[in-house]
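Heads up, the thing below is written out as structure tokens.
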Amino acid sequence: MIAFDELTAAHAFRSGDVAAFDWLAKRYLGKARSAARQLLRSASDAEDLAHDAFIRAWSYRDHLGDGRRFGPWLLQIVRNLAIDQLRRRACVPHEGLHLTYAAPRLDSPDTIANARLLAERIRTAMDGLPMTQRKVAVLYLKFGYRHAEIARLTSLSEGTVRSHLSIARKRLRVALADYY
């Protein structure tokens, strides 16, 4: 086996060297799995995502900048794939619950209509936020991530996450003032 260091392996990897990719994969597979597990909270999903990240890394190897380390670049791919997967989870209804009888309906049609209108207003207000504030707000308000977890996901400092969240909340309060 060829002996590599981080930068030599990254340079060879960018050129399509399979041995360098193998060396990097052995070195970073555990870290990729661990990062994915922290983000997704599921070992089996983390395993799949880690492998997907390596496939994506190989496909986009020419995007790894010269002199850039492979590890942080790969972990950014893991974070991006995890965020995409979390978004898909939020949009896909869960089909695991099957009731054998219909539950009695407690909501009036007006309440349901108002809830839908409010949901649409919230979506519109969220869409009006700048991308970073929206990302932080969604991870905190919708998915329940803590500030430190959002900082790891977004590569922002924890203080910056708190600042973006505070500004996003103020903007959402203004946009939804008639509901407060």
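Within the stretch 37-62, if we keep just the residues that are open to solvent by 30 Å² or more (accessible area, probe 1.4 Å), modelled with pLDDT of 90 or more and among the hydrophobic types (A, V, I, L, M, F, W, C), the residue that is farthest from Gly16 (Cα to Cα) turns out to be Ile55. Remark: pairs (first residue in the stretch 11-22, touching a residue at least 12 places away in the same chain (Cβ under 8 Å); second residue open to solvent by 50 Å² or more (accessible area, probe 1.4 Å) and not basic (Lys, Arg); Cβ separation under 6 Å; 6+ apart in sequence or on different chains) = Ala19/Ile2. For Asp22, are the conditions met, namely being under 20 Å from the mean Cα position of the chain (by Cα) and either closer than 26 Å to Arg87 by Cβ or not aromatic (Phe, Trp, Tyr) (or both)? It is false that Asp22 is under 20 Å from the mean Cα position of the chain (by Cα) and either closer than 26 Å to Arg87 by Cβ or not aromatic (Phe, Trp, Tyr) (or both). For the stretch 1-90, the helices (runs of 4 or more DSSP H) that sit wholly inside it and include 3 or more residues that are more than 29 Å from Lys135 (Cα to Cα) are 6-14, 18-40.
Taken over the stretch 135-180, the criterion of being open to solvent by less than 80 Å² (accessible area, probe 1.4 Å) and of a type in the set (Phe, Trp, Tyr) is satisfied by Tyr140, Phe143, Tyr145.
For the stretch 1-27, which positions are loosely packed, with under 13 Cβ neighbours inside 10 Å, at pLDDT below 90 and in contact with a helix residue (DSSP H, G or I) (Cβ under 8 Å, 6 or more places away or on another chain)? It would help to see each step written out before you state the result.
Step one: filter the stretch 1-27 for residues loosely packed, with under 13 Cβ neighbours inside 10 Å, giving 1-3, 5, 15-16, 18, 26.
Next, from what is left, pick out any that are at pLDDT below 90: 1-3, 5.
If the condition is that a residue be loosely packed, with under 13 Cβ neighbours inside 10 Å, at pLDDT below 90 and in contact with a helix residue (DSSP H, G or I) (Cβ under 8 Å, 6 or more places away or on another chain), then Met1, Ile2 are the ones that fit.
Across the stretch 63-84, which residue is surrounded by the most Cβ atoms within 10 Å (Cβ to Cβ) among those that are in contact (Cβ under 8 Å) with a residue 60 or more places away in the chain and small (Gly, Ala, Ser)? Filtering the stretch 63-84 for residues that are in contact (Cβ under 8 Å) with a residue 60 or more places away in the chain and small (Gly, Ala, Ser), the one surrounded by the most Cβ atoms within 10 Å (Cβ to Cβ) comes out as Ala82. Reported count of residues in the stretch 141-154, each being more than 17 Å from Ala119 (Cα to Cα) and in contact with a Leu (Cβ under 9 Å, 6 or more places away or on another chain), is 7.
The values are calculated or read from the model by the stated rules, or taken from the named source; none is laboratory data. Treat the numbers as computed from the prediction; the structure is a model and nothing was measured. Neighbour counts are summed over all protein chains in view; Cβ atoms, including those assigned to glycine, are modelled from backbone coordinates with ideal geometry. These area figures cover heavy atoms from the full protein model, side chains too; ligands, DNA and RNA do not enter into them. Shrake-Rupley method; radii C 1.70, N 1.55, O 1.52, S 1.80 Å.
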